[in-house]
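Below is one structure, written out as structure tokens, with a few remarks after it.
Please treat every number below as a calculation from the coordinates, not as lab data. Values in this document were obtained by computation on a predicted structure and should not be read as measured data.
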């Protein structure tokens, strides 16, 4: 989403209409700002119910959802798999390479991808995608480098908000009055 002279709301609308895929890291976006590990070394996994509903609805409406983690994060594979996510980039060397792999696997353009990031390691992907987003608790450094700042924190509804925006703009969010009145 490049700066232009157009009305900012029309640029956001155009970007949302083009989205066919959503990419985000587990750390900071899905699980919030904490990683909890048991004494035996196993990571405890949790997800916001709102985010879970958003992810499931995105997948159900044909949006490809992919997640990244530098760790194995196998608990999240199970949890997200139950929501319909099929693209996992775990134990991956870097966020950008994982994104390129995902994009290329489905022959997606950068403009067809949205990314929610929360820290400076996410910048290379945020600079490429058509709809770059950060959570409200994302690093301050990202605020001038994204097209949208979520009203929600990572791990607490940020994903759901973005999914709802994408699907609403595309006329696919089944829980709004316009969709139910037409259907």
note = Helix 8-18: inclination vs the chain longest Cα principal axis, degrees, rounded to 10, gives 70
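Taking only C-alpha pairs under 8 Å that are 6+ residues apart, what is the relative contact order of the stretch 1-135 in percent? Display every interim value, and only then the final one.
Values: 204 pairs, mean separation 40.5, N = 135.
Dividing the mean separation by the residue count of the stretch 1-135 yields 30 percent.
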ask   = What share of the DSSP beta bridges in the chain is antiparallel, in percent to the nearest 5?
value = 10
Cα centroid separation - the stretch 104-124 against the stretch 8-69, whole Å = 12
ask   = Which angle between 0 and 90 degrees, to the nearest 10, do you get for helix 158-169 versus the longest principal axis of the chain when only C-alpha atoms count?
value = 30
key: GNM flexibility winner over the chain from 104, 27, 87 (Cα, springs under 10 Å)   = 104
key: Folded to 0 to 90 degrees: helix 49-60 orientation relative to the chain principal axis, Cα   = 60
query = GNM on the chain, C-alpha springs below 10 Å: top fluctuator among 132, 124, 25?
reply = 124
query = By how many nm would the segment from residue 38 to residue 149 lengthen if fully extended, with 0.36 nm per residue of separation less the alpha-carbon distance?
reply = 36.7 nm
note = Expected max-MSF residue from 163, 37, 19 in the GNM of the chain (alpha carbon, under 10 Å) is 37
